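What follows draws every value from the coordinates through simple rules; no lab data is involved. In this text, all values refer to a predicted model and were calculated from it rather than measured experimentally. A quick note on method: Cβ atoms are made from the backbone with ideal geometry, for glycine too, and the neighbour counts reach across all protein chains shown.
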Amino acid sequence: MGMVTSRIHRAAGRFNVENRAERVLAKSKPEAAPKHPTTEKYLQELWKDNESKESLTKKNQQLDGFLKDVYVTSHDPPSIKNPKFGKPSERDRMPQFRGTVEDTELGYAESEVVAEGKLTLRQTMQLLADFKTDSQKNDAAAVVAKYKIQASTADNILTYFGSLNVMINEPKDRQEKLLQKQVPKPSTVVEIEEGIPKK
Amino acid sequence: MFATVSRSFLGLLVRASGHQTSRSISFSNAQRSGAYDSDGKTTITILNNEPGLGLMVDSYSKVGFRLNNGSFVVGPIALFPKTVLSWNVQSDEDINEQSLDLFTVLEPRPDVLIIGFGNRPEFKIQLDRLLHTFRVKKKLNLEILPTDRAVSTFNFLNAEGRYVVAAMIPPKAINTTDDDYAMSRDRKKKLYLYDD
């Protein structure tokens, strides 16, 4: 029932709507909407007061002078040197290198700067190799002095890690002998070349 | 995240060995393409045999690990993308903050540190409890897995080019299949010989 009523109501609202719209558009100047009684009263009072009437109609010379003195200059923001603190949209943050990344020796990008108390894998291999060659000379105290790591850490590394001993079987024939030449010679640290020995 | 990754890897990894296969199956759809291409093509890439992907574990036994460069390493190992060191621990009981101290001072910090603790599943809870504060304090991405799953996780992450480090001990017991036996015989060139 409510739906029927609303449908009739809407149809009544739209009655002769085009005609009425044409009539409004045909007027040369649109009629302003009537003001609220409170606003009307306030405006009438304002116009009665001579001083405020003058301030509304006449140009204020002082303010006009201020406005003329204002001069705006603009310049581009300085380019951001440190990309870390720039906006993500800044051009400096875009990748600078677009070539193919070369394979590294150890399989990952090594740090150029090593913080104090830290070790790189290369240093670790070196200290383990040194320990193997001369455990008296290159003991934990020497490691602490050389690499500036904690004494307990140096002790743990030397206790729990070591380089591998490489054992190679006696070659059976000439072909196997040739193949074994490609395998790194027995050394204190085995560093594995990439890939698999060719057959 | 990595736990789920390794689990999905296991779907591919059926054998006890660490060989990883990634399959890409391409087939021509006659209805869609409209022209005869060829029979369905299946290619298999074995990650362990791909050159340039770094060091991976081909298989493991109760004694040690066979790596994809043809060497067999005896005992527990600390495995890096292209380097291997021996890890001097007697058993899974020795896995603690002291024996993992090296990984906390490494620069740059490893993306993931995988610990293969052998194959005592009941030990995992104890190890998790032991290393929980350690992983938080040292800000390490630690992944504690049985060795078989640690191997496959390491292989996949290394193939992806991540700086992944694994400390693994050989499991105390392993289940071998006929395929493993055949592969082992083949390696010794005794595949067609009778057992003594």
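Worth a mention:
- Spin-label pair A:Ser52/B:Arg120, simplified geometry with 7 Å Cα→Cβ offset, distance in nm: 9.3 nm
- Amide H within-cut-off set for B:Glu107, under 5 Å, with H built and near neighbours excluded: A:Leu119, A:Thr120, A:Leu121
- Each of the peptides B:86-93, A:125-132, A:170-177 was scored by the mean count of other Cβ atoms within 10 Å over its residues; in descending order, highest first, they stand as A:125-132, B:86-93, A:170-177.
- Per residue of peptide B:75-84, the mean number of Cβ atoms on other chains within 10 Å of the residue Cβ is 5.
- Packing-based ranking, highest mean first, of B:127-140, B:72-85 given that Cβ atoms within 10 Å are counted: B:72-85, B:127-140
- Extents of the range A:121-160, taken as max minus min of Cα coordinates on every principal axis and listed largest first, are 22, 21, 19 Å.
- Distance from the range B:70-121 to the range A:49-77 (C-alpha centre basis), Å: 77 Å
- The mean number of partner chain beta-carbon atoms within 10 angstrom of a residue's beta-carbon across peptide A:145-158 is 2.
- Here the spin labels are modelled as points 7 Å beyond Cα on the Cα-Cβ line, and at A:Gln175 and A:Thr73 they lie 8.4 nm apart.
- Protection proxy ranking, highest mean first, for peptides B:156-169, B:96-109: B:156-169, B:96-109, where packing is the per-residue count of other beta-carbon atoms within 10 Å, averaged.
- When each of A:Lys177/B:Lys189; B:Lys82/B:Lys124; A:Lys118/B:Lys138; A:Lys148/B:Lys138; B:Lys62/B:Lys188 is checked by Cα-Cα distance, pairs over 21 Å: B:Lys82/B:Lys124
- The mean number of Cβ atoms from other chains found within 10 Å of a Cβ in peptide A:114-120 is 3, as a whole number.
- Potential extension, A:Ala32-A:Ala145 segment - 0.36 nm per residue separation minus Cα distance: 31.6 nm
- Segment A:Glu110..A:Phe15, full-extension length gain: 26.1 nm, with 0.36 nm per residue of separation and the alpha-carbon distance subtracted.
- Loop trypsin sites (Lys or Arg not before Pro), the range A:7-74 (other Cβ atoms within 10 Å of the site Cβ: 10 or fewer; DSSP): A:Arg14, A:Lys27, A:Lys58, A:Lys59
- In the distance distribution for the range B:52-192, Cα-Cα pairs more than 20 Å apart total 46 percent.
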